[in-house]
1. Kirkwood-based Rg over Rh for segment 2-126 (C-alpha set), two decimals?
2. On a straight-distance basis, which lysines could pair with Lys117 in a cross-link, Cα separation under 22 angstrom, same-chain partners fewer than 8 positions away excluded?
3. Which value, in debye to the nearest 20, gives the size of the charge dipole of the chain about its Cα centre, when Lys and Arg are +1 and Asp and Glu are -1 at the Cβ?
4. Over segment 103-213, what is the relative contact order in percent, taking alpha-carbon pairs closer than 8 angstrom and at least six residues apart?
5. Between Glu372 and Thr155, how many nm apart are label points set 7 Å from Cα along the C-beta direction?
6. Could you pull out every one of the lysines with an alpha carbon less than 17 Å from that of Lys292, ignoring same-chain neighbours closer than 8 positions?
7. ³J(HN,Hα) across segment 600-611 via Karplus (A = 6.51, B = -1.76, C = 1.60, θ = phi - 60°), whole Hz, x for Gly/Pro?
8. Within the P(r) computed for the chain, what percentage of the Cα pairs occupies the region above 31 Å?
Amino acid sequence: MAKANQGKPVKENIAVSADAPVWIFSLLTDFDVALFISGKHFRLYEKMGAHLLNVNNTEGTYFSVWAPNAHDVYVTGDFNKWQTTSHRLYKRLDESGIWEGFIPALGKGTVYKYFIKGFDGKDYEKGDPFATRWEHPPQTASVVWDTAYAWKDKTWLKKRPVLNALDNPMSVYEVHLGSWQRDPSEPDRILTYKEIAKTLVPYVLEMGFTHVELMPIMEYPYYPSWGYQITGYFAASSRHGTPQELMYLIEQFHKSDIAVILDWVPSHFPGDAHGLFHFDGTHLYEHADMRKGFHPDWKSYIFNYDRNEVRSFLISNAMYWLDQFHADGLRVDAVASMLYFDFSRKAGDAATNEFGGSENLGAIQFLKDLNESIYTNFKGVHTIAEESSTYPGVTHPVAEGGLGFGMKWMMGWMNDTLKYFKTDPIDRKYNHHQLTFSITYAFTEKFMLPFSHDEVVHGKSSMIYKMPGDEWRKHANLRLLYAYMFTQPGTKLLFMGNEFAQNGEWNFTNSLDWDLLRYKSHSGMQTYVKALNKLYRTEPGLYDFNFSPEGFEWISADDSDHSIYVYTRKGHKAKDTLIVILNMTPVYRQNYKIGLPFKASWKEIFNSDATEYFGSGKLNKTAFVPEASSANGRDYSISINIAPLGAMILKTV
């Protein structure tokens, strides 16, 4: 239990008798308050919420909560049999709007809420916005807890700036913890963080992914929201255990040199009675103008980014997960909805900024402050924007007018690619440039190529059933799609189940269909993705220039008649150059002539048609000697047999 050695001297904080139910006490200094109300306090979790302390040799819990418009704020809970007005907090005599106090003999595990006499004359029972633990849903109270943990990942943190650098391979496995795997003997039971660690960590390591991305693990009441409707922003979801058990899971990933990215949702929150909405009887966290404060699609509420205290809350929350949980990155959800007032709104229904534009200037400043604070304070971490608009400079430095993100999801690439691969191969020649178009803007941002959970739900079908043809062709098409993804510029993300071609759409209430691995088609796909990850990690030509045009060059981009694409991926050294050949039809192409980037002998190092991947086995086993015969505008060429619906990768001998 921490000693009360922060803030003002204790003697100035204790101003009531020792037997009072709540003592006047504060962890907050005048400087803390000044930072908070200016939107620049980014470690509020160290001072606000519930903190176990020893004050004047008395153990108990200090509470602080922001409720500037409340008439009164009380702590109610199991410790006082849920009496609503027996433990009143004290409002600070400054402009912070913070209520606080120390309750003696109140320890870890205490269940509590704030009982608030609202500005509107109504009574509210609210969870603690800074609580580090909440009750297991559907219960909605907060729990006094701590984030103490004896971390054993110093080795990882020391080498993280190198391993997690943007010029290294980054292959991300996106996971929903509640449905990756369930207890086989009790399928309705969600596994704990520690149980998940036993199987998920070795699986990610064996499959060769460099990163894991966890869909939101902050506390949320409505399970079908998948975690994207958060009420407990500072609490690891109790569905899987304690905060320390989540720390253990992250630590196990780190011991295997796997980085952990957390999904983070600063874009909106639900209107649940115990949550942030209408917190003190006013629109405190959300914007009062519902054209700015309500999301019509998600029926949720949008943070008021113009409010300094809200920006302090959100940036402190981002810092909290990086600091206290050693997260290696944050994937920021729904950034486009934050940037524009007219996102998903009909013309005439949207607000405008003071200049008459649709940009949310408060949100833009918030995102800049967020990224600057993260990259200044943590080495080797990244922020990733899930951003679908054409807003310029999302991954450009703030100093150069950008938003400062480390990476951005390449949503246009994903949509065009899936549209192309859904097309019957006989018609692909009419859509040939659907795949070449992305290179025209591939280097305008630092892009991550995603096939995420959003693409395998709500009637969109699983990845394998997006592919045309019979079973063999579906699997060949999907292997081809993944080869295209892994050989394009940018980092990669694959949702769980995609790696073994799960047949059905993702169902968040069930485990993945692991029994499909009985079949060669599915086990072959799993083996194939494992091989792609190994290739990606070991071939510098595929990652040296993740976001730079020096690493990519077309050899043949215009052979629409044969639906064949040929391009090179380049590393810092010429010997790391790869030639990628993609055949988008089920026709076996023999003696197909390809121009070479330079004179050398070449060998096939990867072929998606290998039998171990459930392919037909049409490989090229001998080296190719360059011929002094021009092709594709180059002086030297080779002739190669290209497997049906196959991807081949060549490297110099």
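1. Numbers: Rg = 13.9 Å, Rh = 14.8 Å.
Radius of gyration over Kirkwood radius for segment 2-126 works out to 0.94.
2. Within the straight-line cut-off, Lys117 pairs with Lys81, Lys91, Lys126.
3. Values: 66 positive and 75 negative charges, 333 e Å.
The dipole magnitude comes to about 1600 debye.
4. Relative contact order of segment 103-213: 19 percent.
5. With each label placed 7 Å out from Cα toward Cβ, I get 3.8 nm.
6. The qualifying lysines are Lys346.
7. Whole-Hz 3J(HN,Hα) from phi for segment 600-611: 5, 7, 10, 9, 7, 10, 7, 8, 5, 8, 4, 5.
8. Details: 118441 of 212878 pairs.
Beyond 31 Å sits 56 percent of the P(r) for the chain.
FYI, it's all coordinate maths here, none of it is from the lab. These figures come from a predicted structure and were not determined experimentally. Cβ: placed from backbone, ideal geometry, glycine included. Neighbour counts: every protein chain shown.
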